[in-house]
Structures are given as C-alpha cells and as structure tokens.
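Some notes on the structure that comes next.
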Amino acid sequence: MTTSLIRQVIPRPRETTTAVHGTTAPGFASVRHYFERACRDAGPPGSQGAALAVERDGELVVDLWHGRADPVTWTPWTGDTLQPLLTGSHGILATAVLLLADMGALELDRPIAEYWPEFAARGKGAVTLRDVLTFTARLPGMATGLGQRDIEDPYMMAALLELHGLEEDPRAGGVLHGPGTAGWITAEVIRRVDGRDLDLFFLEEIAGPLGVDIHFGLVPDQLPNAARISYDAGFGARVPMPAGGAGDSGADLFERVWNNPPPLPADAEVWSETRRRYAVIPSLGAYASARGLARLQGILAADAVRTPGEEPLLLSRRTLDQARSFWVEGLDPLLGGISAYGEGGLQLLDAGRHPTVCSGAFGHQGPGGVSYRAWPQAGAGAAWICSRLTAGPGAGVLDEVARALRTA
C-alpha cells in the first residue's frame, strides 16, 4: 500500500520529444536529414519545436515537424501548430494589400490620404502605400511613448499615426527591416477601403477560400495549437543598440523603432499571453502553420508564371509582375543586413547557390530563422518555422530544399 501511494505521489518523468514526424516525397530524403540537424542545433531536446513544409505544383512534398509547441505544458508540435511570425508577418500583410489592388479597390502609388484623409496631417499628404510597404515612407517609429498593451489596439495606433510627422533623420527612409508602423498604416487603409478589419478580410478573401492556415490574431479554438516563443541564449544581442550617448540621432531613431516598445521584449512570455494571441498586430501578429505558409507561397509561385490573362488562384500575373519589380535595396542603418523589396512590398530573395530554382524568389524572413519563400521557377513554396528564436538554421534547411527541388 505504501509503495502504491509513493507511485501516485512522485511525478513520473515526462518523455522528451526528439523524433521527427511527417513525410517526404521521393527525392527529398536529404531534406529530412537537414531538418533533423537544424532541430538539434536549435536548442535542448524538449525546449523547442519546429516545422518545415514544401508544396510543389499543388502537392505537399515535404511535411515535417519536431519537438514541443509548448515546453511549459508539454504540448507536442503537430502539423497544425501555429507559430507567430513576428516581423515575418509583413509578407502576409503585403499579399492582402496586393489582392485589394488586384480587385481595383486601391492603387499603391496613390497618396494614402485619398483613402484616409486624416493621415495627411503634419506633412504626410504625399506618402503612398507603396512607400509604406517598402519601408521608405520615413515613418519607421513612434515618438509617442508606448507600452506592450498599446500596440494591441490597431485603431488607437492608427489614430496616433495621424498625429505623427515624417522623420527628419535621413536614415529613416531606409529602415528596411521590421518597423511596426507599416502594419498599422496598411491595416487602416484596408479598413477604410474595404470596410472589413484586416483579420476578417484576410480570412474571408484568402485563408478561407484557399484553405491556408494563416491568421491575423487567434480565436479561442485555435489557442491549443499555438506555439510558445522562447529565446536562445544571446538572441537579444542580435538587436544591438547603436553606439553613442544621449543626443545621438542614431540612438534616438533606434529607440523609436526598436524600443518603443520592443517587438522582441526581454520576457518572451508576452507572446504567449492569451490577450496577445487574440490581438491583431498587423506587422507582428500573423500566425501560421508551416503547411499554411508553404501552400500560400506555392500558390503565389504558380500565379507568378501563369500566362498573362490566365485565371489565377489568388493574384493576377500583372499584379505579381509589378509587385516583384525591384523598388529598393539597402543596408538597414539600425540593424545592418541588406534587404530588397519589390514595388508591392514583397521581399526579394537572393538566388544563392541554386539559381535554376531560386531565381525570382520572393517571400519574407522573420527573427530567429523563420522563413518562407515562393520559387516561381520551380512552382514551389517552402516554409520553416520554429518556436525557439536562434541565429537561424532555417536558411540552411531551405537551401537544401532548393537543391532537392533542382534534382528531384
């Protein structure tokens, strides 16, 4: 009897999930190997989870996942796990705007004030949606002091942005990675033009009809599928504060963009709060499964090479040709690193070692290695997502995907 009581009281050790689950089509066995290695490099077993998906010509040829979606509750990662994309949300946001442009509801090179008159205040009357989507509008940060709760209210953020003027610092027009202001401005334009909020517009026009598991903010039924973000040791050091003391213009600009409030707060638990998961934060709060991201990118890749005039699945060839046309490239003055964008705000990606597959690639990358890509030449879309933000093994995994697509 005593032994029985002891067995009931002493908690049994929980198993650590180390196995990789899912499937790969013939010719993609090497991708599974690289995925396994990337998962080992991402952190201690059981502390993180990840997923990789590739869709080619409408077929899911890679569908892999590993580890824990939530190491606190020990919820295992599944093929349906939803990961917040953080700054990687921008490519999803741009896709929504491009659909409205394709519908003829707006034009990217017209002043935003034509759709949102109050936006013209304080010298912003000539700013276009194209400027905002390509981070060249000189509105990368907020002068008003903000907290983490403030950015969860897109209506308030839009109202505050009406009162902001353009930055005088010339570097502000080249902050090409991550400014949250682009999301609040774009979401308000969508609401003014269409009448629906961003989350509902995306659900009804893209996610629902195409069956892609991507959402701006979650609803209660989706919470069990949400991954819990954590940071690898030293991850915060990858967003260094510029050198210089008080009054240094570079430091001041950095504070407005990256510390007001920090999009990657020191306590990663902010992103696991129920309130945060419900919130619509356009430039940071898109949630997606790897399957959903790969499917959307696969659809865009197919649409990008259709015969002009052919019926698309999502966006016309005309709109995608323009959206992928080079618009801006530069070294981010705050974070370093070169970014390039097409006219529609899609991030243009380097062809790398596999130009026969990756030439003309677009998509987006987020912190910690989150990455999704559309490869029109291969008719494929790929996505890597992970819950533990690290230096980013995803790039190497997607390079191996490109190699496999070339030889498969």
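The values are calculated or read from the model by the stated rules, or taken from the named source; none is laboratory data. Quick caveat: nothing in here was measured; it's all calculated off a predicted structure. In this analysis, Cβ positions are derived from the backbone assuming ideal geometry, glycine residues included, and neighbour counts consider all displayed protein chains. The protein model used for the area step is the full one, side chains on, heavy atoms only, and it has no ligands, DNA or RNA in it. Shrake-Rupley method; radii C 1.70, N 1.55, O 1.52, S 1.80 Å.
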Of everything in the range 175-185, what is small (Gly, Ala, Ser) and either modelled with pLDDT under 95 or open to solvent by 20 Å² or more (accessible area, probe 1.4 Å) (or both)? Give them in sequence order. Gly178, Gly180
Quick check: anything in the range 99-120 open to solvent by less than 10 Å² (accessible area, probe 1.4 Å) and under 30 Å from Asp221 (Cβ atoms)? yes
The helices (runs of 4 or more DSSP H) lying entirely within the range 1-104 that contain at least 3 residues which are modelled with pLDDT under 95 are 2-9, 29-42
I'd like to know if the range 115-123 contains one or more residues that are touching a Phe, Trp or Tyr at 6+ places or on another chain (Cβ under 9 Å) and of a type in the set (Asp, Glu). no
Condition check: open to solvent by 30 Å² or more (accessible area, probe 1.4 Å), within 30 Å of Pro308 (Cβ to Cβ), modelled with pLDDT of 95 or more and β-branched (Val, Ile, Thr). Does Thr136 satisfy that? yes
How about the range 48-83: which of its residues are in contact with a strand residue (DSSP E or B) (Cβ under 8 Å, 6 or more places away or on another chain) and among the β-branched types (Val, Ile, Thr)? Val54, Val61, Val62, Thr75, Thr78, Thr81
What pairs can you find where one residue is in the range 158-187 and over 22 Å from Glu118 (Cα atoms) and outside any helix (DSSP H, G or I), the other is open to solvent by 40 Å² or more (accessible area, probe 1.4 Å) and modelled with pLDDT under 95, and their Cβ atoms are less than 6 Å apart, with a gap of 6+ or different chains? Asp169/Ser249; His177/Leu335
Hits in the range 324-351 - residues which are open to solvent by 60 Å² or more (accessible area, probe 1.4 Å) and within 10 Å of Thr134 (Cα to Cα): Trp327, Glu329
Complete set of residues in the range 260-280 that are open to solvent by less than 20 Å² (accessible area, probe 1.4 Å), among the aliphatic types (A, V, I, L, M) and in a loop (DSSP other than H, G, I, E, B): Ala279
Which one of Ala207, Ala143 is modelled with pLDDT under 95 and either open to solvent by 50 Å² or more (accessible area, probe 1.4 Å) or assigned to a helix (DSSP H, G or I) (or both)? Ala143
Answer with yes or no whether Asp194 is at pLDDT 95 or above and closer than 15 Å to Ile92 by Cβ. no
From the options Gly298, Gly285, residue that is in contact (Cβ under 8 Å) with a residue 60 or more places away in the chain and over 22 Å from Pro263 (Cβ atoms): Gly298
Sort through Glu167, Glu162, Glu188, Glu152 and tell me the only one that's open to solvent by less than 30 Å² (accessible area, probe 1.4 Å) and over 30 Å from Ala383 (Cβ atoms). Glu167
Which of the numbered conditions does Asp252 fail, given that it passes all the others? Conditions: (1) under 28 Å from Ala374 (Cα atoms); (2) surrounded by fewer than 24 Cβ atoms within 10 Å (Cβ to Cβ). (1)
Among the residues of the range 298-318, is there at least one that is closer than 25 Å to Gly104 by Cβ, touching a strand residue (DSSP E or B) at 6+ places or on another chain (Cβ under 6 Å) and open to solvent by less than 40 Å² (accessible area, probe 1.4 Å)? yes
Could you tell me which of the residues Thr134, Thr186, Thr144 is touching a strand residue (DSSP E or B) at 6+ places or on another chain (Cβ under 8 Å) and at negative phi? Thr134
Selection count where residues are farther than 17 Å from Arg277 by Cβ and part of a loop (DSSP other than H, G, I, E, B), scope the range 210-226: 2
Pairing a residue in the range 210-235 that is at negative phi with any residue that is surrounded by fewer than 21 Cβ atoms within 10 Å (Cβ to Cβ) and basic (Lys, Arg), where Cβ atoms lie under 7 Å and the two sit 6 or more apart in sequence or on different chains, gives Leu218/Arg277; Leu223/Arg277; Ala226/Arg277
Counting only residues in the range 146-157 that are part of a helix (DSSP H, G or I) and of a type in the set (A, V, I, L, M, F, W, C), the one farthest from the chain's Cα centre (by Cα) is identified as Met156
Hits in the range 47-78 - residues which are open to solvent by less than 10 Å² (accessible area, probe 1.4 Å) and either among the hydroxyl-bearing types (Ser, Thr, Tyr) or in contact with a Ser or Thr (Cβ under 6 Å, 6 or more places away or on another chain) (or both): Gln48, Gly49, Val62, Gly67, Ala69
Looking at (1) within 23 Å of Trp271 (Cβ to Cβ); (2) out of contact with any His (no Cβ under 9 Å at 6 or more places or on another chain), which is the one condition that is false for Tyr115? (1)
